[in-house]
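Computed from the coordinates by the stated procedures, all read-outs in this text should not be read as laboratory data. The structure displayed is predicted, hence computed values, not measured ones. Positions of Cβ are generated from backbone atoms using ideal geometry, with glycine treated the same way; all protein chains shown enter the neighbour counts.
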Amino acid sequence: MPAFARPMFRRALRDVFALAIASAAMALAAAPVQAQPYPNRSIRVIVSNAAGGVTDVLMRASAVQLNQRLGQTMVIENRGGANGIPAAEACAHAKPDGYTICLINHGQMSINPVEFAKLPYDADTDLVPVAHLYFLVEGLFVPSKLNINTIAELKAAVKAKPGAFNYGTLGAGSFPDLFLNWLNHEWDAKIVGIPYRGGGPIAQATVAGELQIAKMGVGNFLGPMEAGTVKTLAVASPSRSPLLPRVPTMDEAGLPFPSFGWWGVAAPKGTPQAIVDRLADEFIRLGKDPKMVAFFEKNAVVPSGMPPKEFAAFLTADRARAKTLLAFSNHQQTDYKPESK
């Protein structure tokens, strides 16, 4: 190459390299970013009960196993009180990206929409069913020091002393509150409802004698039952519980209350279906694990494992049962009023 042409060649070569680099940069900028697989960070789980209750304990045990399956940490956030309305509201208004999910129950999804108008969430449109997890085995409990051993004795006691017996609820219109209203109507009694933020606090209050009657998941009372500080008068279950084979069912004891408690998982509306399906698969697989099944049964819950479509159909049927329950309890729909802070 002639000497005089070498500088021009070098400049042209630099221009070619510069153009190639610029073109490559533009191509990279224009190319779609490859999404990271879900999940790639921690997942918030909103639990509508105080820490220490059976639902909280079960979710924390489940989270330990799911952390390993998902490769990320599930962070439990307890938002107790008001029949789960603040918890459902927080979940419904969260970003629908799969990093906020919530435990839901019969109160939030079936009873609240019938019981209250102007809820801060819409149970039909704001929350997407992920999986039905389990049914609760509930018990009707009294402190042992009351020396009440049967439902008949309890009925006689509350009728003999109107207004002297307190009963634990989760707020006005909650599932326990509906049972209280139904029971007062059936017995023509005046049992007083006291609101708490979860089954754990209700169990503690029953042992302490602040409450004379409680109807909650048996798992909340395992410690007091073992210690002999409470008595179980009946269980709310289609058949007797293996944990309490000598305790009659509510039907056997003459209290045919027409509903059973349950828990499931939901996500905010708009959460991608692929993420909903992934979470459903993991929760359902976990519910079939023999060790977890044994743990659930030990805590008086019966695993179910319904996938999204089956769970959605169950919710429709459960809403109909809630309407029947409210009719039995003589409830009229009222406007929801948030608890004062």
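General remarks:
- Two-site FRET efficiency, ASP251 against ALA51, from Cβ-Cβ distance with R₀ of 41 Å, rounded to 0.05: 0.80
- Chain lengthening between THR125 and LEU146 when straightened (0.36 nm per residue, less Cα-Cα): 2.9 nm
- Taking Cα atoms only, the orientation of helix 6-30 departs from the longest principal axis of the chain by about 20 degrees.
- Among the listed pairs LYS269/LYS309; LYS159/LYS215; LYS155/LYS323; LYS118/LYS190, those beyond 21 Å (Cα-Cα): LYS155/LYS323; LYS118/LYS190
- Helix-derived mean residue ellipticity, 222 nm - over the chain, DSSP H n ≥ 4, -39500 (n - 2.57), to 500: -13000 deg cm²/dmol
- Each of VAL192, VAL207, VAL158 has some number of other Cβ atoms within 10 Å of its Cβ, and from fewest to most they run VAL192, VAL207, VAL158.
- With the simple spin-label model, which puts each label point 7 Å out from Cα in the Cβ direction, the LYS190 to LYS298 separation comes to 4.6 nm.
- Magnitude of the charge dipole for the chain, about its Cα centre and with charges confined to Cβ atoms of Lys, Arg (+1) and Asp, Glu (-1), is about 1040 debye.
- Springs join every pair of Cα atoms under 10 Å in this Gaussian network model of the chain, and among ARG69, ARG321, ARG44 the largest mean-square fluctuation is at ARG69.
- In the range 86-195, the trypsin sites (Lys or Arg not before Pro) that fall in loop regions by DSSP, at most 10 other Cβ within 10 Å: LYS118
- In the range 138-236, the inverse of the mean reciprocal separation of distinct Cα atoms equals 13.1 Å; this is its Kirkwood hydrodynamic radius.
- The angle between the Cα long axis of helix 199-208 and the longest principal axis of the Cα atoms of the chain comes to about 30 degrees, rounded to the nearest 10.
- Inter-centroid distance (Cα atoms) of the range 250-270 relative to the range 215-238, Å: 17 Å
- As a proxy for reagent exposure, ranking ASP126, ASP335, ASP56 by other Cβ atoms within 10 Å from fewest up yields ASP335, ASP126, ASP56.
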